[in-house]
1. With A:L95, A:L79 as the choices, which residue is surrounded by 14 or more Cβ atoms within 10 Å (Cβ to Cβ), without any contact (Cβ under 8 Å) to a residue 24 or more places away in the chain and more than 30 Å from A:K183 (Cβ to Cβ)?
2. Have a look at A:Q174, A:Q160, A:Q190, A:Q194 and point out the one that is within 19 Å of A:K29 (Cβ to Cβ) and open to solvent by 10 Å² or more (accessible area, probe 1.4 Å).
3. Determine whether A:G39 is surrounded by 24 or more Cβ atoms within 10 Å (Cβ to Cβ) and within 18 Å of A:G222 (Cα to Cα).
4. Quick one: would you say B:P149 is more than 11 Å from every other protein chain (Cβ to nearest Cβ), in contact (Cβ under 8 Å) with a residue 24 or more places away in the chain and outside any helix (DSSP H, G or I)?
5. For region A:43-65, state whether one or more residues are among the hydroxyl-bearing types (S, T, Y), open to solvent by 10 Å² or more (accessible area, probe 1.4 Å), touching a residue at least 12 places away in the same chain (Cβ under 8 Å) and within 25 Å of A:N186 (Cα to Cα).
6. If you take the residues of region B:237-270 that are away from chain A (no Cβ under 14 Å) and touching a residue at least 40 places away in the same chain (Cβ under 8 Å), which of them is surrounded by the fewest Cβ atoms within 10 Å (Cβ to Cβ)?
7. Within region A:202-228, how many residues turn out to be buried (at least 17 other Cβ atoms within 10 Å of the Cβ) and part of a helix (DSSP H, G or I)?
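The values are calculated or read from the model by the stated rules, or taken from the named source; none is laboratory data. Source: prediction; values computed, not measured. Every residue, glycine among them, receives a Cβ derived from its backbone with ideal geometry; neighbour counts consider all protein chains shown. The protein model used for the area step is the full one, side chains on, heavy atoms only, and it has no ligands, DNA or RNA in it. Shrake-Rupley method; radii C 1.70, N 1.55, O 1.52, S 1.80 Å.
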2 protein chains.
Amino acid sequence: MQQDEQMKQKQAMMQAQDQEIKEKLKDFKNKLLVMSGKGGVGKSTIAAYLAVGLAKKGFQVGLMDVDLHGPSIPRLLGLKGTIQSSAESNKGIPLKYLPNMEVMSIESLLGDKDTATIWRGPLKIGVIKQFINDIAWSNSDYLVIDCPPGTGDEPLTIAQIIPDTKAVIVTTPQEISLSDVRKSINFCHQVNMQILGLVENMSGLTCPYCGKTIDLFKTDGGMITAKKAGLTLLGSLPLEPEIVSEGDIGSVAWMDNKDMPYTKSFTTIVNIVADLTK
Amino acid sequence: MQQDEQMKQKQAMMQAQDQEIKEKLKDFKNKLLVMSGKGGVGKSTIAAYLAVGLAKKGFQVGLMDVDLHGPSIPRLLGLKGTIQSSAESNKGIPLKYLPNMEVMSIESLLGDKDTATIWRGPLKIGVIKQFINDIAWSNSDYLVIDCPPGTGDEPLTIAQIIPDTKAVIVTTPQEISLSDVRKSINFCHQVNMQILGLVENMSGLTCPYCGKTIDLFKTDGGMITAKKAGLTLLGSLPLEPEIVSEGDIGSVAWMDNKDMPYTKSFTTIVNIVADLTK
């Protein structure tokens with residue numbers, strides 16, 4: 001009997017939390033889940049830069065890193081500092097990257113950057129819910145969510161607690177990555193998540209010595225996959241050693257280098273995303 | 001009362017299963033867990049090729065793909081066919097890649113290659129246990145396990161149910177990958193898993209047109225990390241468009257091309273692994 005009572009209390013608490021999440025989510029006009037079928041395709045890089053690109057266009061943006069095992073957003077953006085809690089609201093204050101862009105990552109909560117965080121599935125769901133409820137986000141035009149690769153607990157949790165999220169799927173052009181992206185597409189269909197479009201990353205590399213294009217991971221694979229699945233190809237980005245280096249030191253200086261092919265392609269992607277979510 | 005009884009029965013069943021796993025694991029002389037801090041560093045490729053390399057040296061090898069979300073082993077090896085169950089033992093029969101090499105992957109169990117498999121954490125633990133218990137593995141010199149990136153349910157499950165596993169950690173030389181690899185190293189220390197060594201992958205790319213080396217993801221980062229952590233660097237592998245292409249079509253023809261730099265480096269790694277586990 002007492003067990004029943006405890007169970008009921010627990011369920012009531014969870015329902016209250018879910019209700020609070022629903023209310024909180026109304027503060028974000030658009031929710032974008034950046035996902036990928038496999039890791040190492042540049043998903044976090046694209047999530048981070050997409051958020052910065054939208055903010056630089058004047059939108060208010062929140063960037064939420066739910067890749068609990070390998071959070072890379074703070075490093076990519078050179079964001080130091082830890083999450084402090086607000087005295088008034090008792091909520092965590094997200095880091096400010098730009099005056100109109102806030103960032104939340106598990107790495108900014110935990111101290112040692114090299115410590116492994118061992119998360120069992122159910123714990124992850126709780127953390128993701130807290131990322132929304134217990135953080136004092138500003139009202140935003142966009143909430144960009146960086147999700148770990150694959151179709152596990154994290155994207156499923158997002159799909160369940162943020163039902164109007166739209167997916168941006170990142171892939172590289174080679175077959176083994178595309179086969180995983182098809183799984184991500186099917187995942188979105190299964191959980192009724194709308195797909196905004198596909199981004200093809202690492203699409204060709206220009207040799208810095210001879211200027212010729214090396215198709216390391218092939219090209220056009222993303223375009224073909226998008227066409228077959230009836231999806232929009234938001235754009236293709238070349239593999240660019242300079243971007244790798246800047247990412248390592250947390251710089252986005254390339255964004256101001258308007259003549260760079262990568263910058264041109266990325267700007268187009270940001271504009272298309274803004275258009276599609278107007 | 002009845003609930004208590006059911007709980008006890010369930011616990012007894014789980015204990016029996018764990019005992020069976022312990023017995024079964026005695027059939028494998030060496031267990032190698034190939035892991036990485038982040039995805040896309042070529043972990044599955046190295047797990048697959050390490051298994052083939054050891055088998056080609058004459059060892060009996062089992063290759064177990066526990067990357068339930070993005071199983072890529074069958075594709076990398078061009079392995080078709082599904083797991084059949086044996087009439088006598090009621091166990092699944094692993095696929096034969098070579099007369100002395102068996103493979104088990106979730107992809108060989110499920111039909112549609114593009115279907116997303118949505119696994120919640122606790123389910124994964126059960127599947128991994130079944131991969132050991134309910135598969136009719138031959139007695140082997142090596143069980144090579146391909147684990148999804150990160151420090152989540154899968155490596156933790158392996159650490160708990162296969163306590164004498166040794167880790168082979170794969171990384172690329174760039175900082176963002178190395179910071180994740182340090183998390184993997186700490187994870188191994190936390191769960192008392194011995195680390196056999198590090199493999200540095202995508203370490204430099206030779207332009208096929210001008211022959212110059214492009215340090216796309218920098219070089220030597222793996223060596224420096226290994227030295228700092230007091231670990232063995234098992235070897236460095238270049239980024240090689242031909243390997244990407246062969247991986248896409250499931251060929252290992254490059255193994256016979258003894259003059260190729262990739263082949264030379266890989267052969268050295270296999271020999272070191274064999275020496276360290278003698």
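1. Of A:L95, A:L79, the one residue that is surrounded by 14 or more Cβ atoms within 10 Å (Cβ to Cβ), without any contact (Cβ under 8 Å) to a residue 24 or more places away in the chain and more than 30 Å from A:K183 (Cβ to Cβ) is A:L95.
2. A:Q194
3. Yes: the conditions hold for A:G39.
4. no
5. The answer is yes, given that some residue of region A:43-65 is among the hydroxyl-bearing types (S, T, Y), open to solvent by 10 Å² or more (accessible area, probe 1.4 Å), touching a residue at least 12 places away in the same chain (Cβ under 8 Å) and within 25 Å of A:N186 (Cα to Cα).
6. Just the residues of region B:237-270 that are away from chain A (no Cβ under 14 Å), to begin with: B:237, B:252-261, B:263-270.
If we keep only those that are touching a residue at least 40 places away in the same chain (Cβ under 8 Å) as well, we get B:237, B:252, B:255, B:261, B:266-267, B:269-270.
Working: B:L237: 28, B:V252: 18, B:M255: 18, B:P261: 12, B:F266: 22, B:T267: 16, B:I269: 21, B:V270: 22.
Going through the qualifying residues, I end up with B:P261.
7. Total meeting the criteria: 4.
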